[in-house]
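Shown next, in structure tokens, is the structure this report addresses.
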């Protein structure tokens, strides 16, 4: 069952999941033509294989810690840390411990430039986060 997207003006709770993390699933918090915000829930040892999206992204670790491979190096992201990646930058991530991550994807820029292939469906998020 897909979780509903937030609407304009709706408050979104992105606080750490804590004890509820084992029951939580990755899901898109909202999506517009220009922007998508996704909460990834990654059990320890799980992650996403190397891939790239066309538009710029930010990856913010909300809780736990993750290993991010980008720019030919490994970065450690812990709770409260964020990284920006330019569009097209190959990257992979893996949870070093149970983690939740806030992923922001720019889908369209200046109303004229589409970044095709950016949007992830619920099933794609689940498949990649394994």
Complete set of residues in region 25-46 that are out of contact with any helix residue (DSSP H, G or I) (no Cβ under 8 Å at 6 or more places or on another chain), surrounded by 15 or more Cβ atoms within 10 Å (Cβ to Cβ) and closer than 22 Å to residue 97 by Cβ: 39, 42, 46
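On the phi < 0 side of the Ramachandran plot and modelled with pLDDT under 90: is that true of residue 29 in this structure? Full working, then the answer.
Numbers: on the phi < 0 side of the Ramachandran plot: yes; modelled with pLDDT under 90: no.
In short, no.
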Among the residues of region 55-72, the number that are surrounded by fewer than 18 Cβ atoms within 10 Å (Cβ to Cβ) and part of a loop (DSSP other than H, G, I, E, B) is 3
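The values are calculated or read from the model by the stated rules, or taken from the named source; none is laboratory data. Since this is a predicted model, take the numbers as computed values, not measurements. Counting neighbours? That spans all protein chains shown, and the Cβs are built from the backbone with ideal geometry, glycine included.
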